[in-house]
Amino acid sequence: MIDLENTSFDCCIKCTICTAYCPVARATDLYPGPKYSGPDAERLRIKSPLLADHSLSFCNNCKRCETVCPSGVRITDFIYKAKGSRLKKSHRLRDFVLTRTDISGRLSAGFSWLVNPLMKLSVTRFFLSAFLAISRDAVMPAFDRGTFVSGFRNQAKAQEGFPRKVAYFHGCYVNYYDHALGNDVILVLNAMGIGVTAPRQKCCGVPLIAAGNFKAVRKNAAFNIASLGAAVADSDMKIVFSSSSCALTVTQDYPHLLAMDTSAIDDRLELLTRFLHREFAAGNKPAMGSLNLTAAYHSPCHLDRTGGVRHTIAVLQSIPGLRLILLHSECCGIAGTYGFKKEFHAIAQDIGHRLFDQIEQANPDIVITDCETCKWQIEANTRFPVRHPVSVLAEAVKKF
């Protein structure tokens, strides 16, 4: 049956700028580009699902096509809805491991002392490649010990003493991989007189969307909307995100791609650097010492899509002694779990080379980015440490 409510492809003016900016179409002839896979092919797919072809799976969901589209067509919505409903699922076990981050993350973080060294062994990489189709050349991130949430319980009482608070969506990355970033968020906000709460939450669902598992991601979205909505009800609290991909998923994919009712939280959602920029502009800036650092800033694709780059840059420019080099916007290639997959790893590496070359030429002390998987990809392919903007800000606060 034709979905007559989903005909926004008629807004496409066929300028092809989306394909010109698509990093995947640039890297491989196997992907025809977002114009064909999105609005062009959707006109045919709504008449016959049999016209959904395997080339859809090459889209890495970076959303650069939507960022440059002059007509505001939600191109990746067409592609991912077609992937989820019309393509035969393959690599189901791999998708379960890579997308059920609350299960795999909790188990792995609980035994990080064993999992982290095992993941570096060549024999482990062989089995991951042979049985899960995870590239043996992919550098897998190390898990932190335990969860951020369990450590936060020791700070929760102290946070209650602040007259103003925000609800923090820490996401899977902070909870299982990088507790230090979560603690840096708390340190910076506390230095501004703002306390932090951490409502119950599940993975935002972006890896589930990439795998086309819409049933599972809707369950996560429903849980998060209810939990976050209850946390900020009867207050003026904002809900802040340190991950640009989590922010994009909750603010845009929940209401548009998944058609979820987000009215309980719509006016509360903000990327953390946008919240900080607004507070700084209002005079609530923490005292900071000078860092004497040269940093290259990489803007993640999903942050470009939300228009949040200018806020992060403004926050970084307020840090004393931080010499900032703005890199030309390029996709790093990893796109969440895309670069870990055996069939896409070489494409991801090819996409990332433009960014890696820029960083090498800039020769900074550190690289800064808002996205956790961009951090993994840059650290795996360059010789420079990568920090989150809020961690750099926290370092300046500690130096005062």
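The values are calculated or read from the model by the stated rules, or taken from the named source; none is laboratory data. Small disclaimer: the values here were computed from a predicted structure and weren't measured. Note: ideal-geometry Cβ built from the backbone for every residue, glycine included; neighbour counts use all protein chains shown. Areas reflect the complete protein model, heavy atoms only, side chains present, ligands, DNA and RNA absent. Shrake-Rupley method; radii C 1.70, N 1.55, O 1.52, S 1.80 Å.
Table for the structure above
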| quantity | calculated |
| --- | --- |
| Count of segment 276-295 residues which are assigned to a helix (DSSP H, G or I) and surrounded by 14 or more Cβ atoms within 10 Å (Cβ to Cβ) | 5 |
| Subset of segment 356-378 (residues that are part of a helix (DSSP H, G or I) and either open to solvent by less than 40 Å² (accessible area, probe 1.4 Å) or without any contact (Cβ under 8 Å) to a residue 60 or more places away in the chain (or both)) | PHE356, ASP357, ILE359, GLU360, GLN361, ALA362, GLU372, THR373, CYS374, LYS375, GLN377, ILE378 |
| Among (1) buried (at least 16 other Cβ atoms within 10 Å of the Cβ); (2) over 20 Å from the mean Cα position of the chain (by Cα); (3) part of a helix (DSSP H, G or I) - the single one ILE319 does not satisfy | (3) |
| Matching entry among VAL149, VAL139 (being β-branched (Val, Ile, Thr), open to solvent by 10 Å² or more (accessible area, probe 1.4 Å) and either at pLDDT below 95 or assigned to a loop (DSSP other than H, G, I, E, B) (or both)) | VAL139 |
| Exclusive hit being of a type in the set (S, T, N, Q), assigned to a loop (DSSP other than H, G, I, E, B) and buried (at least 16 other Cβ atoms within 10 Å of the Cβ), set THR262, THR273, THR249 | THR262 |
| Any hit, segment 278-295, residues being hydroxyl-bearing (Ser, Thr, Tyr) and touching a Ser or Thr at 6+ places or on another chain (Cβ under 7 Å) | no |
| Some residue of segment 234-245 being part of a helix (DSSP H, G or I), at pLDDT 95 or above and closer than 24 Å to ARG310 by Cβ | yes |
| When residues of segment 379-400 are limited to those that are part of a helix (DSSP H, G or I) and of a type in the set (D, E, K, R), the one farthest from ASP178 (Cα to Cα) | LYS399 |
| Cβ-Cβ under 6 Å pairs, at least 6 apart or on other chains, segment 138-153 side closer than 13 Å to HIS170 by Cβ, far side modelled with pLDDT of 95 or more and assigned to a loop (DSSP other than H, G, I, E, B) | PHE148/HIS170; PHE152/ALA198 |
| Matching option when the condition is in a helix (DSSP H, G or I) and either surrounded by fewer than 23 Cβ atoms within 10 Å (Cβ to Cβ) or in contact with a helix residue (DSSP H, G or I) (Cβ under 8 Å, 6 or more places away or on another chain) (or both), among CYS203, CYS172 | CYS172 |
| Unmet requirement for VAL217, which otherwise passes all of (1) of a type outside the set (Gly, Ala, Ser); (2) in contact (Cβ under 8 Å) with a residue 12 or more places away in the chain; (3) open to solvent by 20 Å² or more (accessible area, probe 1.4 Å); (4) farther than 29 Å from LEU393 by Cα | (3) |
